[in-house]
Amino acid sequence: MFYLLLAIICSSLLAIILRFSENRPTSTYGVCLFNYLTCCVEGYIFTSGGNPFSVPLKVTLVSVLTGAALLLSLVLYKVNIRNNGTVLSAVFSKLGVLIPTILSFTVFGETAKPLQFVGIAIAVAAILVINLGGGNAHLKKTEHKNLSSFLTMGAGGLVFLMIIGGLCDSMSKVYEFTCPREFDNRYLFLGFFFAMVITAVMMIINREKPSKFDIIFGVLVGIPNYFVSRFLLKALTSVPAFIIYPSYSVGTVILISILSLIIFREKLTKRQLTGTGMILASLVLLNI
């Protein structure tokens, strides 16, 4: 349980640091670049020496897809924290577990449990409760003039974050299903490496230059970002997965909610609190 607690703390710190970065002149790609550079350094340390690029082709291909998903997921997380608040962004990010859950019994042939269907139904109802009617008084008011603004603002941004975050989580399942497990540490390193490469390319295309705040917050984000995965893997060696995953998801949302209230005075409306409670319940059911 000690490693589970550390994973919850690291995941919460990641969200809080991203929230702090919004108060400084940072670039989204700049923060992501140094975040992934930091993760690569940490990942290389845990590859136990040797050539981390010496892997089968299918591991490389899955790693490239993982890198792209990692980047898009983090960019959306950062943008949603800015536009929709830390708590709601964390809630919908964790709700991305819907995607790998659905893929498990539609693509990978696993058997779904009745409680998981109940969890999916509650999650969908919670999304409607949070986003339909009433509005979000403490969030930025933005008209969705085009597809891009819809996918980053308000309800559209949160749902898109959930989908991309879920696809990012699903890549671990794809790796487990298609690749030899002896390459676990190298896969983790390569995922962050390709995310870093893609980020660098995006910065060149957009002609962005990293600032000192990009470096500072990138490194600060990268340290907990890598260790979330490490601590979860450690926790799974001593505690059953059906305890770890719901505890991790719910614990992270609760800790982020508490820290956001204390540090940023970020409060949710009654409608959002109701929807968040429903999502916490659905997370437990989805992971059982």
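The values are calculated or read from the model by the stated rules, or taken from the named source; none is laboratory data. Model, not experiment: these values are computed from the prediction. Using ideal geometry, Cβ is built from the backbone for each residue, glycine included, and neighbour counts are taken over all protein chains shown. These area figures cover heavy atoms from the full protein model, side chains too; ligands, DNA and RNA do not enter into them. Shrake-Rupley method; radii C 1.70, N 1.55, O 1.52, S 1.80 Å.
In the set (1) of a type outside the set (Phe, Trp, Tyr); (2) open to solvent by 50 Å² or more (accessible area, probe 1.4 Å); (3) under 30 Å from Thr111 (Cα atoms); (4) at pLDDT 85 or above, the condition left unmet by Pro240 is number (4). Among the residues of the range 70-90, is any modelled with pLDDT of 95 or more, aliphatic (A, V, I, L, M) and more than 16 Å from Asp214 (Cα to Cα)? No, the conditions are met nowhere in the range 70-90.
Considering only residues in the range 80-99 that are within 13 Å of the chain's Cα centre (by Cα) and open to solvent by 20 Å² or more (accessible area, probe 1.4 Å), the one that is nearest to Ser21 (Cα to Cα) turns out to be Ser93.
Evaluating Pro52 against the criteria (1) outside any helix (DSSP H, G or I); (2) closer than 14 Å to Lys212 by Cα leaves one unmet condition, (2). Every residue in the range 38-70 that is under 20 Å from Phe20 (Cα atoms) and open to solvent by 10 Å² or more (accessible area, probe 1.4 Å), please. Of everything in the range 38-70, just one residue is under 20 Å from Phe20 (Cα atoms) and open to solvent by 10 Å² or more (accessible area, probe 1.4 Å), namely Thr38. Among the residues of the range 17-36, those that are outside any loop (DSSP other than H, G, I, E, B) and either surrounded by fewer than 19 Cβ atoms within 10 Å (Cβ to Cβ) or hydroxyl-bearing (Ser, Thr, Tyr) (or both) comprise Phe20, Ser21, Thr28, Tyr29, Tyr36.
Taken over the range 197-234, the criterion of being surrounded by fewer than 19 Cβ atoms within 10 Å (Cβ to Cβ), within 12 Å of Tyr36 (Cβ to Cβ) and among the polar types (S, T, N, Q) is satisfied by no residue.
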